[in-house]
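The values are calculated or read from the model by the stated rules, or taken from the named source; none is laboratory data. The structure displayed is predicted, hence computed values, not measured ones. A quick note on method: Cβ atoms are made from the backbone with ideal geometry, for glycine too, and the neighbour counts reach across all protein chains shown. The accessibility values were calculated without ligands, DNA or RNA, using every heavy atom of the protein model including side chains. Shrake-Rupley method; radii C 1.70, N 1.55, O 1.52, S 1.80 Å.
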Amino acid sequence: MMASSRDLVTTGDSQDMTAWWWELGAEAAMRVCDGPDEFRKAVREEIKRGAEIVKLYPTGGHGVPLAKDVMSVTRQELEAAVEAAHDRGKKVRGHICSKRAILASVEAGVDVIDHADLTDGECIDAYIKAGSFVVPSLYYPLRVVEDYEKRGEANRAGVRSLKEGFELMCSILPEASQAGVKLVLGDDYGTVNLPHGGYGKELELYVTHAGLSALEVLTWATRNGAELMGMGDTLGTIEAGKLADILVVDGDPSVDITVLQDLDKLLAIMKGGEFFKDSLLGVDDKDERRG
């Protein structure tokens, strides 16, 4: 688990537009900052409260009200936030969809680019040079588009934008993966369209819609995820000396990634060398195992 900050946004940003006339606010979810000094102070206070990674909103797009080409955080604000976080050994991620914001954020040192809808070859080169992590998070837009299509409302502007971004990312991801971009799984779980528990379907979509191999996607979920958390030396691969976090599956997910969606196919789950499930011995609960 890596604790995140509240969303750090600017005045009038997508996250700062909800029912402002009622002055309800959303202080539990976001903090409004304007100018480098406010971003610097906000980052430090979020870290004081326990944040290990700070979330920024440099652009709109990808399901939020502002368009993806709107850049609502300045270069100076980006640099101040990143400097404040890195000086204290913490990471920064951002909701970033336009090419202009991607390049500015990567150059400023943002560690994780969320969504990255308008990625192209120049962005790929920038990711590689900087060692940035990219989280395409395409399961959410896919679910939203599918829901609107079922209701016959696929022509709404926001839905068309989501679909265009989805299709563009699906087309560029094989090139990004082949080039060695550090791609990672993850999405907006907990939203209305994306309840927790469907993680296996996220892995599947990159195989079925983007044409990636199942083994590539499994690498995003394991090795790359561990490296993002700064734990690549102890997690992410099965090697001597690393923590024994092992999943035993009835089937070969590198051939058929959908087997990970069938809980009955997950025969054994070991975390840190301790069994939490072991159907091979007829034990499905760690307490029974200990008994």
Given the conditions (1) at pLDDT 95 or above; (2) of a type outside the set (A, V, I, L, M); (3) within 16 Å of the chain's Cα centre (by Cα), every one holds for G63 apart from (1)
Please give the number of the condition Y127 fails out of (1) in a loop (DSSP other than H, G, I, E, B); (2) within 21 Å of T219 (Cα to Cα). (1)
Among L212, L280, L218, L266, which is the only one that is over 25 Å from A3 (Cβ atoms) and exposed (fewer than 12 other Cβ atoms within 10 Å of the Cβ)? L280
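May I ask you to verify whether Y148 is within 23 Å of S98 (Cα to Cα), assigned to a helix (DSSP H, G or I) and modelled with pLDDT under 95? Can you show your working first?
On the way: within 23 Å of S98 (Cα to Cα): no; assigned to a helix (DSSP H, G or I): yes; modelled with pLDDT under 95: yes.
Here the answer is no, as Y148 does not meet what is asked.
Filter the stretch 41-64 down to the residues that are of a type in the set (G, A, S) and part of a loop (DSSP other than H, G, I, E, B) and list them by number.
Step one: filter the stretch 41-64 for residues of a type in the set (G, A, S), giving 42, 50-51, 60-61, 63.
Hits for the stretch 41-64 are G50, A51, G60, G63.
Might you let me know whether the stretch 72-80 holds any residue that is farther than 16 Å from D188 by Cα, in contact with an Asp or Glu (Cβ under 6 Å, 6 or more places away or on another chain) and not in a loop (DSSP other than H, G, I, E, B)?
Residues of the stretch 72-80 that are farther than 16 Å from D188 by Cα, as a first pass: 72-80.
Now narrow it down to the ones that are in contact with an Asp or Glu (Cβ under 6 Å, 6 or more places away or on another chain): 72.
So of that shortlist, the ones also not in a loop (DSSP other than H, G, I, E, B) come out as none.
No, the stretch 72-80 has no match at all.
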All but one of (1) over 23 Å from L173 (Cα atoms); (2) among the charged types (D, E, K, R); (3) surrounded by 13 or more Cβ atoms within 10 Å (Cβ to Cβ) hold for E274, so report the exception by its number. (3)
List every residue pair whose Cβ atoms sit under 9 Å apart, with the two residues 6 or more apart in sequence or on different chains, where the first one lies in the stretch 154-174 and is buried (at least 19 other Cβ atoms within 10 Å of the Cβ) and the second, anywhere, is among the basic types (K, R) and not in a helix (DSSP H, G or I). S161/K68; G165/K68
Subset of the stretch 115-131 (residues that are buried (at least 24 other Cβ atoms within 10 Å of the Cβ) and not hydroxyl-bearing (S, T, Y)): H115, A116, D117
If a residue has to be charged (D, E, K, R) and surrounded by 15 or more Cβ atoms within 10 Å (Cβ to Cβ) to count, how many in the stretch 226-263 make the cut? 3
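For the stretch 160-209, give me the residue count where each residue is basic (K, R), assigned to a helix (DSSP H, G or I) and under 14 Å from the mean Cα position of the chain (by Cα).
Taking the stretch 160-209 and keeping what is basic (K, R), we get 160, 163, 182, 201.
Next, only the ones that are assigned to a helix (DSSP H, G or I) stay: 160, 163, 201.
Then drop every residue that is not under 14 Å from the mean Cα position of the chain (by Cα), which leaves none.
Result for the stretch 160-209: 0.
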Can you tell me which residues in the stretch 245-283 are of a type in the set (D, E) and in a strand (DSSP E or B)? E274, D278
Of all residues making up the stretch 91-113, the number that are in contact with a Gly (Cβ under 6 Å, 6 or more places away or on another chain) and closer than 29 Å to P195 by Cβ: 2
Unique residue being open to solvent by 10 Å² or more (accessible area, probe 1.4 Å), outside any loop (DSSP other than H, G, I, E, B), small (G, A, S) and in contact (Cβ under 8 Å) with a residue 40 or more places away in the chain when the list is A85, A104, A67: A104
